[in-house]
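> This structure is in structure tokens; I'll ask about it shortly.
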Amino acid sequence: MSGIVDLASDAGLSWLGGASSVAPRYDLLFAAMVLLCGTVALGVLVAIVAFSIRYRAGAGRGDAAAGRRTRAIEIAWTVTPLVIFIGLFVWAAHDFVALYRPPADALPVYVVAKQWMWKLQHRNGRREINELHVPLGQPVRLLMTSQDAIHSFFVPAFRLKQDVVPGRYTGLWFTATKLGEFRLFCAEYCGTEHSQMLGRIVVLPPAEYARWLGSGSEQPSLAQYGFARFRALGCSGCHDPASTVHAPSLEGLLGRTVHLQDGRTLVADENYVRDSILVPGKDVVAGFAPVMPSFAGQVSEEDIQALVAYLRSTGAPAPGDPQGARR
Amino acid sequence: MSSVAEATIDRVGDGSAAPAPSYLDDGHSLRSWLTTHDHKRIAILYAISITVFFFIGGLAATLIRLELATPAGDLVSHDTYNKLFTAHGVIMVWLFLIPSIPSVFGNFLVPLMIGARDLAFPRLNLLSWYLYVLGGLIVLVALALGGVDTGWTFYAPYSTMFSNSWVAVTLVGVFVVGFSSILTGLNFIVTVHTLRAPGLGWFKLPLFVWAHYATSVILVLATPVLAITTLLVVAERLLQIGVFDPAHGGDPLLFQHLFWFYSHPAVYIMVLPAMGVVSEIVPCFARKRIFGYRFMAYAILGIASIGFLVWGHHMFVSGQSLAASLVFSLLSFLVAIPSAIKVFNWTATLYKGSIRFDAPMLYALGFIGLFTVGGLTGLFVASLALDVHLTDTYFVVAHFHYIMVGGSVMAFFGALHFWWPKATGRLYPEVWGRIAAVLIFVGFNLTFFPQFLLGMRGMPRRYHAYPAEFHQLHMASSAGAVVLALGYLLPLFYFSYSLRSACRAGANPFGALGIEWQTRSPPPTHNFDRTPVVPEHVYDYAPPGPRPTRAPAAGAKAS
Amino acid sequence: MTAATAAAFVPADVAHDGRAAKLGMWIFLATELLFFGGLLVAYAYARTHWPEGFAIASRRTDVVLGTVNTGVLLTSSAVIAFAVACAEDPAQRRWTARALALTAVLGVVFLAVKGVEYAHEWREHLFPLAGFALADVAGAGLFFLLYFVMTGLHALHLLIGIAGVCVFAGATRIAKPWATAPRVEAMALYWHFVDVVWILLYPLLYLVERHA
């Protein structure tokens, strides 16, 4: 379904009508900023107008000798904004950091952006184009990548946005707090039909969502599909415990600390898995020979997301796993 | 030497039939203009060229606002629209704003303000202009061939791999213009260091000179990074190597870091000279010293230096690390402080002044108001959590237009009116000057304030067609643009008229201090007939005396 | 008109050409530093991501010729420093001219050796175009792109330096008045900068994991 979507509800558009768990905090900070900046702006404008009127030439109130001893007041209006700004920074940073900490029970949805549409896939395999159905009150975590240029997943009602970048995964999590339909925009210029790359988020009550999820045409879950690809591409030929080839075990890989050949250590995340499939020579595990061939050109972005889903299903994710999709 | 206790107003020339020869009389042929080494003539050459580009960029903006007056994309095709906003950005940033005040007013005034005969490297100055024109022509050629549709920000991999437009040609043009900037900056720095009149210490320099010095440091250090970035984009486009394209092993974020490392300091290149202009106009028309001269000078340096450290605030949602975002946000808040100091100081300069509202002052006051709004909205987008929602929406578009248009362009017009008599020896019609200033101020707000609201409601940038619920605000914005356009067109007429009017300006029509006002209007080629006097304090305006009038001095011919 | 003296206008410090030229050159070199700096950033970024690829690619550069060139350029810097010293004394004008000429010759030698290297690399398909020899090594293409861009830009700057030094050599030989000592020094500053850039590039391009 492409083209401009008509919405019945205006809830996603009024800037007071936030529909996600982070929207109230956002709106509070925004309102505070408007109040603060509005006051300052008004103060400056009123001062300029007042001085312009009171001290206009001919009013005879001028005193060119005024304003010679300036240091105290200068310091005052340097330090005061400094303190206020640091406060604002801390407030906004605190809210921002929370966006990087998806809850452990967040429902994963895999997103591939391409010119000029959104392709989404739920864990059970159900696919959507330009639409995302989610349950009310349940955290949802998007794992996103692009097939071509940089796009950006923007839902104004949720007050959320995240660039979708080719060559890596970026993540976005949210909890919808209102039922209804909310606009999805692409917010990073990506070519001719950038302004047509619209979609909608459909928030359903949990029961209805479950019904919707199960009602799609029968197809394997993403993890099942990933397992099938794992076998078909020959991954299990080396990575299976029974294999004669010495290759790292992938059970419960995601979230595990990995020691690399050159002495570095990293926590395995979705980007690590993706890089290992496409550029295996990049981060070779310590104690193994760099003999894995690259699968670039043999796997699509959806395939890689499916393989990731399969690996995720082989072991519990580490608690408080930082949203591994961001570097 | 003795301080200049009073700047007497010398509005109209002494009416003698044949004014003494000025730099304008030093050869009338086209060749004399195209081979000049005179910084004043080079400034005029720049003024003409940037005006041409301003109106071309403005034409693109007109078409954009016409299209956006209705939700459907019905005026032009998607591709044409994308090329229009790209052309608007490329032309307005590189061919208008970056050179505008430094290359016109900096070139004309810096030697005059420091009592020098010319810049340190006059021939290099002429080369700067030729490079600018060459780069501009290359960009126009790209436009004529069909244009480029990547946005002025040229994000990879769209620009390197997917765009089917004249990216490489445009970037070669930008590369060439960049060298024009670098040479101008180099020239200013050496000039200020080595050619100041005896007795003119750093803390006696006008803030205009300070501003141009700091701008020149940015020009010299930031522009080379743009040059390399354009080179790499062209290389990737032509050779299909993976520098930025992940399909070939590159990283799109590397492009963004390299691009914004230049492009953020670039906005300070655009605003610092404007601040310098305002700092000259406000004391003159308030008849009072600038409040806190040293803090103003330090603030200029502060903006220039911290401005190099904040580029990542364009990338909060790009996928860069959390740590990087935190650092860039904090630094972005810090860079706002010196700007705030400047706004407060300009306002305090008005206190107990004796204020006149000639056209330059109207523009300067407009700058202060609009820059304040633009700067405060910058705090919104510097706030991490808020930027997640606001970035890539019309909120950002409004924010930067408030600063660049409400700020820099207004200051440019203020400078144009303030130094027009000095440069041309003519007086512009004051009433029309004020009308244009008010039209521009009102039209600007009508055009761009609705865009803050659009952004808050989620309207993304660079959209050719948009959902119907954004229609009213877009229509308001487009209507405002009509008023703004009128305001910009008016000066074309009355400035042209003034060039042909018989009324000539005296050396100092506004009673301003500053060494440039000690010489004739227009100045002789060698700038000064008599050694200029270095004042004790640069903004030592006299107590309010009798009101100056426009009436010519006794014995002079009326206009 | 303000109360000014009747003195005719004498612009400040007419004899500034020495100071201005040198200051101008330092600033210009600062811009060049940022210019090459952008490339070095790209190099650092890429090498962190593809350390193996960079090592493999670097071993394909001709370290013998690269080292020879380093020696040539270092020698040329010494020679031009000698020329600057001679330029202080007008009586040593001939030696100044000879030293400048030798500097230019050494620069040409560098370019010739570089040309030979490029020819070898072309034959071995190391240009990152179609048919690139190391196409299956991740990062090697980017290494060689950076190698050719960086050494190519360096060579271009060296060429400009050679031209400038030749002009100064000729002007000094026939005692042109504009070829003052400060200007010769400014030229030498540029030459030293080109040398310093090479000293930065040499280990980054030729010496990555050579021992392996």
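The values are calculated or read from the model by the stated rules, or taken from the named source; none is laboratory data. This is a predicted model, so every value here is computed, not measured. Here the Cβ is made from the backbone with ideal geometry for all residues, glycine too, and neighbour counts use every protein chain on show.
> Of all residues in segment A:134-147, count the ones that are within 10 Å of chain B (Cβ to nearest Cβ) and in contact with a helix residue (DSSP H, G or I) (Cβ under 6 Å, 6 or more places away or on another chain).
2
> Hey, any hits in segment B:366-387 for a residue that's in contact (Cβ under 8 Å) with a residue 60 or more places away in the chain and farther than 28 Å from residue B:99 by Cβ?
Yes; the residues of segment B:366-387 include at least one that is in contact (Cβ under 8 Å) with a residue 60 or more places away in the chain and farther than 28 Å from residue B:99 by Cβ.
> Further question on the same structure: Residues that are charged (D, E, K, R) and assigned to a helix (DSSP H, G or I): does segment C:120-137 have at least one?
yes
> Here's a follow-up. Kindly indicate which of A:218, A:208 is in a helix (DSSP H, G or I) and at pLDDT below 95.
Matching residue, one of A:218, A:208: A:208.
> If you take the residues of segment A:50-71 that are modelled with pLDDT of 90 or more and among the aliphatic types (A, V, I, L, M), which of them is nearest to residue B:379 (Cα to Cα)?
Only one residue tops the list, namely A:50.
> Of the numbered conditions (1) within 14 Å of chain A (Cβ to nearest Cβ); (2) within 27 Å of residue B:153 (Cα to Cα); (3) in a helix (DSSP H, G or I), residue B:462 fails exactly one; give the number of that condition.
Looking at each condition in turn, residue B:462 falls short on (3).
> Taking the criterion of being at pLDDT below 90, within 17 Å of residue C:140 (Cβ to Cβ) and not in a helix (DSSP H, G or I), would at least one residue in segment C:33-54 satisfy it?
yes
> Suppose we filter B:223, B:230 for residues that are part of a helix (DSSP H, G or I) and at the interface with chain C (Cβ under 9 Å from one of its Cβ atoms); which single one remains?
B:223
> With the requirement that a residue be within 7 Å of chain A (Cβ to nearest Cβ), closer than 29 Å to residue B:309 by Cα and not β-branched (Val, Ile, Thr), what does segment B:335-378 give you?
Listed by number, the residues that qualify are B:336, B:340, B:344, B:369, B:376.
> Working carefully through the options A:274, A:231, find the one that is under 27 Å from the mean Cα position of the chain (by Cα) and among the basic types (Lys, Arg).
Step by step, each of A:274, A:231 is checked, and only A:274 is under 27 Å from the mean Cα position of the chain (by Cα) and among the basic types (Lys, Arg).
> Does residue C:188 meet the test of being crowded, with 17+ Cβ neighbours inside 10 Å and closer than 15 Å to residue C:93 by Cβ?
Here the answer is no, as residue C:188 does not meet what is asked.
> May I pose another question? For segment B:315-330, which residues satisfy the criterion of being more than 9 Å from chain A (Cβ to nearest Cβ) and buried (at least 20 other Cβ atoms within 10 Å of the Cβ)?
B:328
> Among the candidates B:269, B:228, single out the residue that is in contact with a helix residue (DSSP H, G or I) (Cβ under 6 Å, 6 or more places away or on another chain) and at pLDDT 95 or above.
None of the other options fit; the residue is B:269.
> Now for a different question. Can you tell me which residue is nearest to the other protein chains (Cβ to nearest Cβ) among those in segment A:182-241 that are farther than 24 Å from residue A:147 by Cβ and aromatic (Phe, Trp, Tyr)?
A:182
> Still on this structure, please answer the following. Pull up segment B:156-190, narrow it to residues that are among the aromatic types (Phe, Trp, Tyr) and out of contact with any Leu (no Cβ under 9 Å at 6 or more places or on another chain), then point me to the one that is modelled with the lowest pLDDT.
Here the residue is B:162.
> Just for segment B:427-449: of the residues that are without any contact (Cβ under 8 Å) to a residue 60 or more places away in the chain and β-branched (Val, Ile, Thr), which one is surrounded by the most Cβ atoms within 10 Å (Cβ to Cβ)?
B:435
> For segment A:148-183, which positions are under 20 Å from residue A:22 (Cα atoms), buried (at least 24 other Cβ atoms within 10 Å of the Cβ) and of a type in the set (A, V, I, L, M)?
Answer for segment A:148-183, where residues must be under 20 Å from residue A:22 (Cα atoms), buried (at least 24 other Cβ atoms within 10 Å of the Cβ) and of a type in the set (A, V, I, L, M): A:155, A:157, A:172, A:176.
> Quick check on segment B:234-259: of everything there that is more than 14 Å from chain A (Cβ to nearest Cβ) and closer than 30 Å to residue B:216 by Cα, which residue is surrounded by the most Cβ atoms within 10 Å (Cβ to Cβ)?
B:258
> Please work out which one of (1) within 26 Å of the chain's Cα centre (by Cα); (2) of a type outside the set (A, V, I, L, M, F, W, C); (3) surrounded by fewer than 18 Cβ atoms within 10 Å (Cβ to Cβ) is the condition residue B:471 fails and give its number.
All conditions are met except number (1).
> For the subset of segment B:318-351 comprising residues that are touching a residue at least 40 places away in the same chain (Cβ under 8 Å) and touching a Lys or Arg at 6+ places or on another chain (Cβ under 7 Å), which member is nearest to residue B:255 (Cα to Cα)?
B:319
> Which of the residues spanning segment A:62-78 are at the interface with another protein chain (Cβ under 7 Å from one of its Cβ atoms) and either of a type outside the set (Val, Ile, Thr) or touching a strand residue (DSSP E or B) at 6+ places or on another chain (Cβ under 9 Å) (or both)?
A:62, A:63, A:64, A:66, A:67, A:74, A:77
> Just for segment B:110-158: of the residues that are more than 13 Å from chain C (Cβ to nearest Cβ) and among the aromatic types (Phe, Trp, Tyr), which one is farthest from residue B:508 (Cα to Cα)?
Restricting to residues being more than 13 Å from chain C (Cβ to nearest Cβ) and among the aromatic types (Phe, Trp, Tyr), the top hit is B:158.
> Working carefully through the options C:37, C:66, C:107, find the one that is within 14 Å of another protein chain (Cβ to nearest Cβ), under 20 Å from the mean Cα position of the chain (by Cα) and among the small types (Gly, Ala, Ser).
C:37
> What's the total number of residues in segment A:251-267 that are surrounded by 10 or more Cβ atoms within 10 Å (Cβ to Cβ) and polar (S, T, N, Q)?
Total meeting the criteria: 1.
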